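The structure appears right after this line, and notes come after that.
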Amino acid sequence: MIPNQWYVVLASEQVRERPVGVTRLGEKLVFWRDAQGQVVCMTDLCVHRGVALSKGKVREGCLECPFHGFLYDQRGRVVTIPANGRRAPVPERFRVRYYPTYEAHGLIWIWWGEQPPADLQPPRFFEDLTPDFSYGHAYDLWDAHYSRVIENQLDVVHLPFVHYNTIGRGNRTLVNGPVVEWLDENAFRVYVFNEVDHGQVPRRAEEIHPPYPLFHLEFRFPNLWQNYISEDVRVMAAFIPIDDTHTILYLRFYQRFLRVPLLRELVNALAMPFNVYVAHQDRRVVITQRPKASALVGDEALIAGDRPIVEYRRRRQALIEAARRA
């Protein structure tokens, strides 16, 4: 994983009144809401006797350990040890690691790194997914490293083969480009120009000029993706790392062509089985990839159509190296 990044790790609906224990980015974490309803994230391990704090409860705006009642505040510090008396001072060593959180758009991010900068800025979402969109959603577990799941959604070559009877219909096996357009240092778009092979030579990306079609893919580091289908229809995905071999693909179908309550929710819900079916066509193949995690330098023999994947790997490697230097 890339350190020092904001990662989407949960949907807001998953953290309610009770603590929630999950594995994210290879760590066992507990999420809970304080007295103001703000999401808190800490290591799911009591500093005292090593039990899971997620089995406790929220009390007095703090997280109470289920074993001996230690109370933890929002920064992972023990503020009360009941056995010592409510007014007894608590030694500084009684604390667990906590992660900064951010909640917006029905999503929960954590800043995963060693030391958050003093001027830590909130994560960015897709500005064009405005509040007039509604959505349906689904959670899908993959036996794959999150980098492989991301690359699959940037792969324009596989469509007529993996999705021959769904989104890849039409036998458009010849890949022109594709064009990769960087929006800033951590976000880029992919424009797709696949067509039926009649013996023509594919156009290089440099030979394809604007204006580009409305349809495109957009990726934001470290783990957000959008399929811009039309002005009124999108598919969004968060690639949530569990550990080095498992990922949750959190899918949303967004639309604003139908805004009537109840009917809107029905359409959103009915769209999800198809989107999950398409994802499972991908999953069947991606879980067989070796090695589990992708890398900038490896044994794969890439082709021109893999340009979005190469661009992703280059920036991912640069971010990892920058975090190491920091």
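Going by the structure shown, is Phe253 surrounded by 19 or more Cβ atoms within 10 Å (Cβ to Cβ) and either at pLDDT 95 or above or part of a loop (DSSP other than H, G, I, E, B) (or both)? I'd like the intermediate steps shown before the answer.
On the way: surrounded by 19 or more Cβ atoms within 10 Å (Cβ to Cβ): yes; either at pLDDT 95 or above or part of a loop (DSSP other than H, G, I, E, B) (or both): yes.
Here the answer is yes, as Phe253 does meet what is asked.
Can you give me the number of residues within the range 285-312 that are touching a residue at least 24 places away in the same chain (Cβ under 8 Å) and charged (D, E, K, R)?
Selection size over the range 285-312: 4.
Take the range 156-174 and flag every residue that is closer than 17 Å to Ile229 by Cβ and buried (at least 18 other Cβ atoms within 10 Å of the Cβ).
Within the range 156-174, Val156, Leu159, Gly168 qualify.
Take Arg264 and tell me if it is not in a loop (DSSP other than H, G, I, E, B) and not aromatic (Phe, Trp, Tyr).
Yes; evaluated as a whole, the condition is true for this residue.
Which residues, taken from the range 277-302, are touching a strand residue (DSSP E or B) at 6+ places or on another chain (Cβ under 8 Å) and either surrounded by 15 or more Cβ atoms within 10 Å (Cβ to Cβ) or not in a helix (DSSP H, G or I) (or both)?
Ala279, Arg283, Val286, Ile287
Looking at (1) assigned to a strand (DSSP E or B); (2) farther than 24 Å from Leu25 by Cβ; (3) not assigned by TED's automatic domain parsing to the domain that holds Cys46, which is the one condition that is false for Asp128?
Every listed condition holds for Asp128 apart from (1).
Keeping to the range 102-137, report how many residues are out of contact with any helix residue (DSSP H, G or I) (no Cβ under 6 Å at 6 or more places or on another chain) and either farther than 25 Å from Asp232 by Cα or of a type in the set (S, T, N, Q) (or both).
16
The values are calculated or read from the model by the stated rules, or taken from the named source; none is laboratory data. Owing to the predicted nature of the structure, the values given are computational and were not obtained by experimental measurement. Neighbour counts are summed over all protein chains in view; Cβ atoms, including those assigned to glycine, are modelled from backbone coordinates with ideal geometry.
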